[in-house]
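Presented below is the structure to which this report refers.
What follows is calculated from the coordinates using simple rules that are stated; it is not laboratory data. If you're wondering where the values come from, they're calculated on a predicted model, not measured in any experiment. Cβ atoms come from the backbone with ideal geometry, glycine included; neighbour counts cover every protein chain shown.
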Amino acid sequence: MLTLYHGRPADETGRLAKEIRVYDLLDRLGVEYERIDHPAAMTMEACEEIDRALNATICKNLFLCNRQQTDFYLLMMPGDKKFVTKDLSSQLGVSRLSFATPACMEQLLDITPGSMSVMGLMNDHDMRVRLLIDEEVLKGEMIGFHPCINTSSLRLRMSDLTDKIIPAMGHAPRTVRL
């Protein structure tokens with residue numbers, strides 16, 4: 001059974017610096033959040049029990065790029081929605097989107113595959129990644145995501161994400177319809 005904790009871990013021993021930076025940002029912004037620690041969750045299927053415990057909108061977070069790997073996108077979309085590349089490509093006016101490489105993910109967001117999260121944008125100091133949010137995601141009251149690692153998951157208010165966290169990271173989201 002998973003346990004829901006309020007706020008950051010009391011003992012941060014063994015936690016990665018990128019995870020601690022997430023807690024530091026949320027605390028600095030005065031954002032209340034809850035946390036679940038769990039075994040590594042690499043896929044949406046592995047997150048099903050976590051999703052039930054969090055009771056929040058859980059996103060599929062996709063890291064995409066254009067053919068030349070010069071434009072990068074972080075797409076937040078409902079976990080149960082199918083991703084159709086051409087639908088998003090046409091909205092962005094990009095001829096071909098594909099998944100960005102793990103190396104680009106680490107270089108730009110300090111995140112490894114299976115840990116993709118909107119919180120990775122706090123590491124995008126050069127503002128190379130554009131945030132895209134499917135309109136359905138924005139309808140939820142609570143949202144859940146990883147704190148840049150896939151052995152914990154957070155739950156917080158959607159309004160805190162859109163009104164405090166994303167602006168603090170300096171990324172202006174674009175709403176898309178998939």
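Taking packing as the residue-averaged number of other Cβ atoms within 10 angstrom, the listed peptides 143-153, 119-129 run from highest to lowest as 143-153, 119-129.
For Val176, the residues whose modelled amide H falls within less than 5 Å of its own, excluding neighbours fewer than 5 places apart on the same chain, are Ile133, Asp134, Glu135. Proximity of backbone amide H atoms, modeled 1.01 Å from N, is registered between Cys59 and Gly144 at under 5 Å, excluding neighbours fewer than 5 places apart on the same chain.
Gyration tensor over the Cα atoms of region 73-173: the corresponding equivalent ellipsoid has semi-axes (square roots of 5 times the eigenvalues, largest first) of 20, 18, 14 Å. Shown here are the Rg and Dmax of the Cα trace of region 1-54, at 12.2, 33 Å. What would the Debye equation give as log₁₀ I(q)/I(0) for region 1-144 at q = 0.14 Å⁻¹, counting only Cα atoms as equal point scatterers? For region 1-144 at q = 0.14 Å⁻¹, log10 I(q)/I(0) is -0.73. Ranking Leu131, Thr85, Leu121 by Cα position along the charge dipole of region 61-139, where only Lys, Arg, Asp and Glu carry charges on their C-beta atoms, puts Thr85 farthest toward the positive end.
The string of couplings for region 92-106 from the Karplus curve (6.51, -1.76, 1.60, θ = phi - 60°) is 8, x, 10, 5, 8, 9, 9, 6, 6, 6, x, 5, 5, 4, 5 Hz, one whole number per residue in order, with x for Gly and Pro. Sequentially through region 130-140, phi angles give Karplus couplings (6.51, -1.76, 1.60; θ = phi - 60°) of 9, 8, 10, 10, 5, 4, 5, 4, 5, 7, x Hz, Gly and Pro residues having no value and appearing as x.
Taken one residue at a time, the phi angles of region 53-66 give Karplus couplings (6.51, -1.76, 1.60, θ = phi - 60°) of 5, 6, 6, 8, 5, 9, 9, 8, 10, 10, 9, 10, 8, 7 Hz. Gly and Pro are set to x.
As I understand it, the value is the acute angle between the Cα axis of helix 17-28 and the longest principal axis of the Cα atoms of the chain; what does it come to in degrees, rounded to 10? Computed tilt is about 80 degrees.
Each Lys and Arg Cβ is given +1 and each Asp and Glu Cβ -1; about its Cα centre, the chain then shows a dipole of about 600 debye. Dividing the mean sequence gap of close Cα pairs (under 8 Å, 6+ apart) by how many residues region 4-176 holds gives a relative contact order of 28 percent. Taking every DSSP helix (H) stretch of at least 4 residues in the chain, weighting each as -39,500 (n - 2.57) and dividing the sum by the residue count yields a mean residue ellipticity at 222 nm of -6000 deg cm²/dmol.
Take every DSSP beta bridge whose two residues both sit in the chain, then give the antiparallel share in percent to the nearest 5. Approximately 70 percent, going by the DSSP bridge assignments.
Straight-line cross-link reach from Lys86 at under 21 Å between alpha-carbon atoms covers these lysines, not counting any fewer than eight positions away in the same chain: Lys60.
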